[in-house]
Structures are given as C-alpha cells and as structure tokens.
1. If a residue counts only when it is under 20 Å from the mean Cα position of the chain (by Cα), which strands (runs of 3 or more DSSP E) contained entirely in region 238-307 have at least 1 such residues?
2. Could you please find all residues in region 219-236 being buried (at least 20 other Cβ atoms within 10 Å of the Cβ) and touching a helix residue (DSSP H, G or I) at 6+ places or on another chain (Cβ under 6 Å)?
3. Can you find a residue that is in a strand (DSSP E or B), touching a residue at least 24 places away in the same chain (Cβ under 8 Å), in contact with a strand residue (DSSP E or B) (Cβ under 7 Å, 6 or more places away or on another chain) and not assigned by TED's automatic domain parsing to the domain that holds residue 338 anywhere in region 203-221?
4. Select from region 126-147 the residues that are out of contact with any strand residue (DSSP E or B) (no Cβ under 8 Å at 6 or more places or on another chain), within 14 Å of residue 160 (Cα to Cα) and part of a loop (DSSP other than H, G, I, E, B) and list them in ascending order.
5. For the structure I just gave you, tell me whether residue 69 is at pLDDT 95 or above, assigned to a helix (DSSP H, G or I) and either within 17 Å of residue 241 (Cβ to Cβ) or touching a strand residue (DSSP E or B) at 6+ places or on another chain (Cβ under 9 Å) (or both).
6. Would region 296-316 turn up any residue that is surrounded by fewer than 18 Cβ atoms within 10 Å (Cβ to Cβ) and free of Cβ contacts under 8 Å to residues at least 40 places away in the same chain?
7. Scan region 13-53 for residues that are free of Cβ contacts under 8 Å to residues at least 40 places away in the same chain and touching a strand residue (DSSP E or B) at 6+ places or on another chain (Cβ under 8 Å) and jot them down.
8. Are any residues in region 72-86 over 20 Å from residue 40 (Cα atoms), in contact (Cβ under 8 Å) with a residue 12 or more places away in the chain and not in a loop (DSSP other than H, G, I, E, B), and if so, which ones?
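The values are calculated or read from the model by the stated rules, or taken from the named source; none is laboratory data. Keep in mind that what you see is a predicted model, and the values were worked out from it rather than measured. Glycine also receives a Cβ, built like all others from the backbone with ideal geometry; neighbour counts cover every protein chain displayed.
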C-alpha cells in the first residue's frame with residue numbers, strides 16, 4: 001500500500017478536525033499534516049486524542065503567508081492538498097470583511113501557487129495522483145425561493161462578504177485548473193453540524209445557552225431554511241471526491257434535510273428534554289422555567305440574510321457513489337449528546353475567548369439590539 005501525505009489546511013477547525021479524525025480512522029495508508037493558524041475558531045483541543053497519532057503532524061502557520069506555506073510544503077511535501085481553511089461566520093464578515101479576503105482569497109491563492117510548484121516538480125506517476133481539493137459552501141449561490149435546489153451548474157450570486165470571498169476563491173481554483181492544468185476539485189456543501197463546532201454557530205450556541213438558562217436568539221421570524229448535513233457524512237463525501245472525483249469538476253454535498261432555523265432550535269430543545277430534562281437543570285429551575293423551549297427569543301434579523309438554501313446532490317450520489325448515512329433527527333440528538341458529554345471541551349473552548357457575543361450588527365440594527373439583552377448577550381444563528 002503506497003503511503004500518502006494529505007495536507008489539511010484549517011485542520012484545527014470544525015470540519016477540518018472532523019476530517020482529520022475520519023482520515024486517520026479510515027485511511028491507514030495516509031499521513032495527515034495539518035496547517036492551521038489557530039485563529040479564534042481553530043483550537044488544538046479539536047485535535048486531542050486522535051486515532052493513530054503517529055500518522056499526524058501539526059504545522060502552525062498562516063495560509064495567506066507565502067513564507068509559511070512554502071516552509072510547510074518543504075517540510076511536508078504533500079501528495080494531496082485539502083483546503084478547509086477559511087473565515088466562515090457570515091456575521092463576522094459583516095463586521096470585519098478584511099480577514100475574509102485575506103484568508104479565503106489570498107490564502108487560497110498562496111496554496112494554489114505552492115501546489116502548482118509542487119505539481120510541476122513531481123515525476124509523471126505522482127502527478128497522476130496529485131490533487132488540490134478546495135472545500136467551499138452553498139452560500140456562493142445566493143438564495144433560493146420556496147422551490148428549487150442548488151446544483152453544480154447554478155450561477156454564483158453571493159450576498160455577504162463571506163460568501164463573496166468563497167466565490168472568489170472557488171473561481172481562482174477553477175482558473176488554476178483551466179490555465180495551469182493543476183488537478184483541482186471543488187466541493188460545495190450545505191450547513192454542517194456535529195461535534196467540535198465553535199459555539200458561535202447555531203446548534204452548539206443553542207445547546208450551551210440552553211444549558212445555562214440563557215435566551216435562545218432566533219433571527220427574524222425563524223423561517224430561514226437550510227439543508228443540514230452531518231459532518232461525518234460530509235467528510236466521507238470529501239474523501240470520495242478526492243479519490244474518485246475528476247480534476248476540474250465540482251461536486252455538491254447536502255443532507256437532504258431542509259429545516260427552518262426555528263425547527264432546528266425546537267429539535268435541540270426536544271433533544272435536551274430527552275437527554276437532560278429541564279426539570280433537572282438548576283439554571284432553569286432558578287428562573288422558574290419548566291421547559292427549554294421557553295428560552296426561545298426572536299431578535300432583529302441580520303442584513304442580507306439569505307432565506308433558503310437547498311442542495312441537489314444527485315451528481316455526487318451518481319459520480320462518487322456517495323450518500324449521507326445519517327438522518328437529521330438522529331444525528332442532531334447524537335450531536336447534542338456529544339456537547340453534553342464533553343464539558344471539558346466546552347470549557348476549554350470558552351476559556352480561549354469570546355464565543356457567543358453577537359456579531360454582524362450594522363449601525364442601524366445595533367442601536368435597536370442594544371436595548372434587547374437577549375440580542376446583545378448572545379450570538380444570532382449563522383446561515
């Protein structure tokens with residue numbers, strides 16, 4: 001069995017860390033190197049207790065730094081590059097878009113340049129196997145009406161600085177394939193959920209707030225709809241795209257699980273009632289609250305909030321022989337259970353910095369939100 005080195009950028013973040021674990025468990029021939037800057041949403045806590053740690057190495061660096069990327073490639077020459085590294089929270093992109101341009105566009109450029117140089121130096125047999133896989137989002141497609149689905153052929157129409165930066169990166173990846181012949185593949189996924197997700201995102205945010213008896217802030221009317229995919233299913237799809245995908249192609253991954261944000265929050269409350277009933281939660285009992293659902297709170301919507309995302313993953317199912325293995329309800333309960341069982345992880349992540357202050361407030365909405373304690377003390381849900 002031929003040994004391979006997979007360079008996983010952003011491997012200390014949510015999806016990246018889950019992929020590292022998946023690769024070490026399912027690909028015994030693979031040596032995994034993580035390149036990560038360890039920004040607020042990336043943590044070494046996500047990479048503790050890895051299976052087969054002897055096949056894992058960590059390199060701290062910034063993908064937007066030519067020197068860091070060059071040094072990493074020289075020390076750990078990859079046979080494949082998987083680019084998970086990204087600033088990814090829409091709310092934060094509204095408040096501070098520069099970091100999204102630097103990481104998502106400039107960083108992708110630096111990786112492509114390093115990969116192009118690496119590819120050019122490889123002998124022919126290794127060139128055949130080399131891949132640059134870029135992980136992107138369905139948010140590049142904009143918003144949907146009540147019907148229809150995104151596919152790989154949907155025109156890009158990003159509506160936030162985050163999605164615009166990812167769209168720019170996707171187009172760079174495409175250009176390096178068409179212009180330089182670099183064997184690139186791009187994947188676009190719907191909303192991920194599962195273990196290790198930073199608590200600014202909807203599901204872990206709601207779990208932690210509920211446990212502490214804090215409001216569960218829901219943007220607008222709660223009717224924004226997302227297609228949810230369990231992170232383990234996404235990781236298996238990425239591996240299939242890497243190993244069976246055609247260079248120059250794009251593959252979409254969705255969970256076929258459309259839910260409104262309100263439905264997701266209610267599902268979390270139901271899972272908590274089953275796993276740790278409100279009647280046993282001292283934080284709720286002190287407030288005279290009988291059920292987690294009583295904590296729901298509606299807050300001012302964020303600017304440019306896309307109404308609906310949904311992915312048609314037919315191409316991935318057909319071309320990659322892939323399909324999601326988890327139902328939303330079962331995997332959501334499993335996810336809530338993981339956060340309940342890993343109090344040490346929750347505490348370590350929260351001790352590293354601010355995880356739940358609301359972002360994405362424009363001058364117009366900020367004044368209104370500052371009068372609402374639920375809005376100022378808690379992050380609204382992400383896309």
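1. Details: elements: 250-253, 258-260, 296-299.
So the answer is 250-253, 258-260.
2. Hits for region 219-236 are 224, 228, 230, 231, 235.
3. At the first step, the residues of region 203-221 found to be in a strand (DSSP E or B) are 216-219.
Checking which are touching a residue at least 24 places away in the same chain (Cβ under 8 Å) leaves us with 216-219.
Now drop any that are not in contact with a strand residue (DSSP E or B) (Cβ under 7 Å, 6 or more places away or on another chain), which leaves 216-219.
Among the residues that remain, those that are also not assigned by TED's automatic domain parsing to the domain that holds residue 338 are: none.
Scanning region 203-221, I find no residue that is in a strand (DSSP E or B), touching a residue at least 24 places away in the same chain (Cβ under 8 Å), in contact with a strand residue (DSSP E or B) (Cβ under 7 Å, 6 or more places away or on another chain) and not assigned by TED's automatic domain parsing to the domain that holds residue 338, so the answer is no.
4. Listed by number, the list holds a single entry, 142.
5. On the way: at pLDDT 95 or above: yes; assigned to a helix (DSSP H, G or I): yes; either within 17 Å of residue 241 (Cβ to Cβ) or touching a strand residue (DSSP E or B) at 6+ places or on another chain (Cβ under 9 Å) (or both): yes.
Considered against the rule, which asks whether it is at pLDDT 95 or above, assigned to a helix (DSSP H, G or I) and either within 17 Å of residue 241 (Cβ to Cβ) or touching a strand residue (DSSP E or B) at 6+ places or on another chain (Cβ under 9 Å) (or both), residue 69 comes out as yes.
6. No, region 296-316 contains no residue that is surrounded by fewer than 18 Cβ atoms within 10 Å (Cβ to Cβ) and free of Cβ contacts under 8 Å to residues at least 40 places away in the same chain.
7. Result: 20, 24, 29, 30, 31, 32, 34, 38, 42, 44, 47, 50.
8. Step one: of region 72-86, the residues over 20 Å from residue 40 (Cα atoms) are 72-82.
Adding the requirement that they be in contact (Cβ under 8 Å) with a residue 12 or more places away in the chain leaves 72-73, 75-82.
Scanning region 72-86 gives 72, 73, 75, 80, 81, 82.
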